[in-house]
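Shown next, in structure tokens, is the structure this report addresses.
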Amino acid sequence: MKPENPLFAIEDFEELLLNKTYEELDSELKIKIEKTIGDEKYTELRELALRVKSQMQEDLAETKPQPGTKQKLLFSMQQKNKTARIAVPVIISTLFMKRIPAYYLIIVILVFAGVMYFYTPKATIFHTFTGKMSQPLNQTPDTRSRINTGNITNARDTGSKKSTTVSRQPAIATGIPLTSFNKQLLENTILFAAKTCSKTVHDEMSLYTGLIMSH
Amino acid sequence: MFFPRPDYTAMSDEKLMSLIAKKDTKAFSSLYDRYSVKMLFFFTRMYNGNNEKAQDAVQDLFMKLVDFPERFDVSRKFSSWFYSVAANMCKNEYRRYDNKKADQIDEEFLSVDSLGTEELFDLSNFRDDLYQALASLSYEHRESFILRYANDFSVKEIAAIVNCPEGTAKSRIFYTLKFLSRKLAIYNPKQEKDHET
């Protein structure tokens, strides 16, 4: 037979102390208690437990927290709520403030580009952004249209009906090998343009001439 | 008229906590009214009657509710959870502060025989003697006992609050009571009769 653990009875007995007198216990429990502490001790402990409980409940009723604590906590809570409400716009504005240098940079770039656009000769900008050579200025609209169609009549060779085909794309851009005739034609055109155009265009033309010749 | 005011006094603790999480100050006020006194008493007894320290602890405890209401474990009963937070605060305080001194007092008071009979007779106030005796107990015993007798928690709830098996909670309470019966024997009418004879 398994021996009964006296501690088990004692532990269970604690539950009963505050609720039942020794007389109110059932016979099985009475036997257990008699075995462990005895009925007198039970009554004694029960009286003490009730007295301790009543004393503690009395003291609990008399306990008063500091009057300002609640207000302090409520104020703190309200402050936190306000902070949360303020925090969102503050965070957004802070982020905006941090982005300001980037905006400044964009504005500066745009202003610089504008200044460059208005104060730099158009030809330069045209070349810079398109990479195409300007149309030779000595060509009439009619000639240009013919160039655009792919056929051009050699101006010198007026006697014959022979026509020469030139690329519609500038030689530099396309990389098509230039014939000696085309070279000559371009050179003449450039030289003519240089005489009639502004200094800037002249410089551009000289550059391209140099490039063509070295090709 | 169209939006009737919610009755906070009728709400459960758990419902109030959910409102506190939504920054409802009235819900917080209601919860404070319910628990501030109980908590102050608990802390006062756990800090051996140091009222100032207990007041600070109550403020810190409720501040935690304000700051981190989301930490409330919704699967648990609020009162058990709240007391377990308080118990942990006490435990941390004990670890941090005066640990050695508390142990010395425990040893001194736990042996009832070390108190002289004259000294026992000098003790006239049951209340003072009770708390003095409780103060001499170990932290764990005092904690379980106060929760049982002052806050009226069941053994099962105490076990959940202090995070120990039910049997341990029961035995702690029982041995504390037994210890008190020895310490406060002078207040036992039967004992007095024995002395007279």
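Results, tabulated for the structure shown:
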| item | result |
| --- | --- |
| Gain in span if fully extended, B:K23 to B:E166, counting 0.36 nm per residue against the direct Cα distance | 47.8 nm |
| Rounded Å value of the spacing that divides the Cα centres of the range B:150-180 and the range B:44-84 | 19 Å |
| Cβ-derived FRET efficiency at R0 56 Å, A:F75 paired with B:S154, nearest 0.05 | 0.95 |
| Within 10 Å of each Cβ in B:170-176, the average number of Cβ atoms from other chains | 5 |
| Per-residue average of Cβ from other chains inside 10 Å of B:30-43 | 3 |
| Which listed pairs, of A:K53/B:K91; A:K80/B:K22; A:K64/B:K170; A:K80/B:K15, have C-alpha distances above 18 Å, in listed order | A:K53/B:K91; A:K64/B:K170; A:K80/B:K15 |
| Per-residue average of Cβ from other chains inside 10 Å of A:56-64 | 6 |
| Sites B:D7 and B:S138, calculated FRET efficiency, Cβ-Cβ separation with R0 41 Å, nearest 0.05 | 0.40 |
| Ranked by how many other beta carbons lie within 10 Å on average, peptides A:40-53, B:146-159 from highest | B:146-159, A:40-53 |
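Values quoted throughout were computed directly from the atomic coordinates according to the rules given, and no laboratory measurement underlies them. Because the structure is a prediction, the values reported are computed rather than measured. Note that each Cβ is placed from the backbone with ideal geometry, even for glycine, and that neighbours are counted across all protein chains shown.
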